[in-house]
Structure formats: C-alpha cells, structure tokens
1. Scan the stretch 86-104 residue by residue and report those that are closer than 18 Å to Leu29 by Cβ and in contact with a strand residue (DSSP E or B) (Cβ under 6 Å, 6 or more places away or on another chain).
2. Could you grab me the full set of residues in the stretch 13-30 that are closer than 20 Å to Lys122 by Cβ and either modelled with pLDDT under 95 or part of a loop (DSSP other than H, G, I, E, B) (or both)?
3. If you go through the stretch 53-72, how many residues are closer than 24 Å to Arg131 by Cβ, in contact with a Ser or Thr (Cβ under 8 Å, 6 or more places away or on another chain) and part of a helix (DSSP H, G or I)?
4. Determine whether Leu124 is assigned to a helix (DSSP H, G or I), at pLDDT below 90 and under 23 Å from Asn10 (Cα atoms).
5. Test of understanding: among Leu22, Leu26, which residue is over 13 Å from the mean Cα position of the chain (by Cα), in contact (Cβ under 8 Å) with a residue 24 or more places away in the chain and closer than 21 Å to Ser114 by Cβ?
6. Give me the residue from the stretch 40-52 that is part of a helix (DSSP H, G or I) and out of contact with any helix residue (DSSP H, G or I) (no Cβ under 7 Å at 6 or more places or on another chain) and, out of that set, farthest from Ile21 (Cα to Cα).
7. Within the stretch 75-126, how many residues are buried (at least 19 other Cβ atoms within 10 Å of the Cβ) and among the acidic types (Asp, Glu)?
Amino acid sequence: MHHRLPKPENITVFLADDSPILRTRLRELIADVANVEVVGEADNAQDAERFIREIRPDVVIVDIRMPGGDGIGLMERIRRQNVQSLGIILTNYPFSQMRKKSFAAGADFFFDKSTEFDRVAKTLNLLVKVRGEKFPCVLDDLFWEVA
C-alpha cells in the first residue's frame with residue numbers, strides 16, 4: 001500500500017508516546033521544521049487511534065510500547081481503517097523482529113530513539129520538499145535519503 005504524501009499546506013503530525021518528556025522533545029524538534037505542525041498527541045494507544053482516525057494527520061509518529069496497546073497494533077488498526085498517514089515508528093526497541101513487524105503493520109519508517117532521533121526532523125524536512133507529489137515512488141527516494 002502506498003500512503004499519500006502531504007498536501008501543499010502545512011504538514012500535520014500526530015504524536016503517540018507515553019513519555020511526556022519525549023513528546024516535548026519531539027514538539028521542540030518539529031517546531032524547528034518549517035511548514036510542519038503538531039496537531040495532536042496521545043499517551044496511550046486507544047486515545048491515539050481515536051484521534052488519528054478523527055484528525056487524519058499527514059504523519060503519525062508512534063512508539064512501540066504504550067499503555068492500552070502497542071504501536072505496531074495501532075499501526076495495523078489505522079491501516080485497516082484506511083488512514084493513509086505516513087507512519088513513523090520511533091522506539092527504544094530497535095530489534096530486527098520489531099522492525100519487520102512494524103513494516104508489515106504499515107509503518108513507512110522505523111527509527112531508534114537513542115541513535116536515530118534526528119532522522120525524524122530529516123524525514124519531515126524531506127516531506128516538506130516533496131509534498132504534493134503524485135508518485136508513490138517518492139517514498140522510496142525519501143527512505144534512502146533518510147537512511
């Protein structure tokens with residue numbers, strides 16, 4: 001499944017992580033990226049699913065381990081509900097089996113919180129450059145530029 005790229009307006013981002021400290025760090029990181037705005041956040045999987053379904057943000061940034069469910073299950077559920085947000089898994093569990101499960105669930109990117117945190121901003125900056133593109137292959141190019 002190819003996920004839609006953001007429309008020409010600001011790129012909207014939803015944060016789903018149980019750590020208020022990490023959500024604050026992400027908001028600060030995203031605030032430095034032009035034309036990107038955080039439109040919501042949740043500290044558990046159930047609230048995240050409800051808000052993502054309602055808001056339909058361009059990008060969702062999801063932790064794997066959260067109260068009320070895990071980020072991989074959340075990604076699967078929003079994909080089944082035809083939410084086409086670009087999905088970024090940001091985790092402290094960067095194991096290959098988690099990476100495989102995340103991509104199988106519909107994630108577009110998978111980053112380790114401790115060593116790849118800055119790739120979130122790099123990915124968002126690249127999305128700003130290509131927003132409005134009609135060709136899904138742009139995601140493949142994005143992946144390789146961020147990697």
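The values are calculated or read from the model by the stated rules, or taken from the named source; none is laboratory data. A quick note: this is a predicted structure, and the numbers were derived from the prediction, not measured. Because the Cβ atoms are built from the backbone with ideal geometry, glycine has one as well, and the counts that use them run over all protein chains shown.
1. Scanning the stretch 86-104 gives Leu86, Gly87, Ile88, Ile89, Leu90.
2. Asp17
3. So the count comes out to 1.
4. no
5. After ruling out the rest, the residue left standing is Leu22.
6. Filtering first and then ranking leaves Arg50.
7. Qualifying residue count for the region: 1.
For (1) more than 16 Å from Phe109 (Cβ to Cβ); (2) touching a residue at least 40 places away in the same chain (Cβ under 8 Å), each residue gets a yes or a no:
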position: Glu41; (1), (2): yes, no
position: Ala45; (1), (2): yes, no
position: Ala48; (1), (2): yes, no
position: Pro57; (1), (2): no, yes
position: Asp63; (1), (2): no, yes
position: Met66; (1), (2): yes, yes
position: Gly69; (1), (2): yes, no
position: Met75; (1), (2): no, no
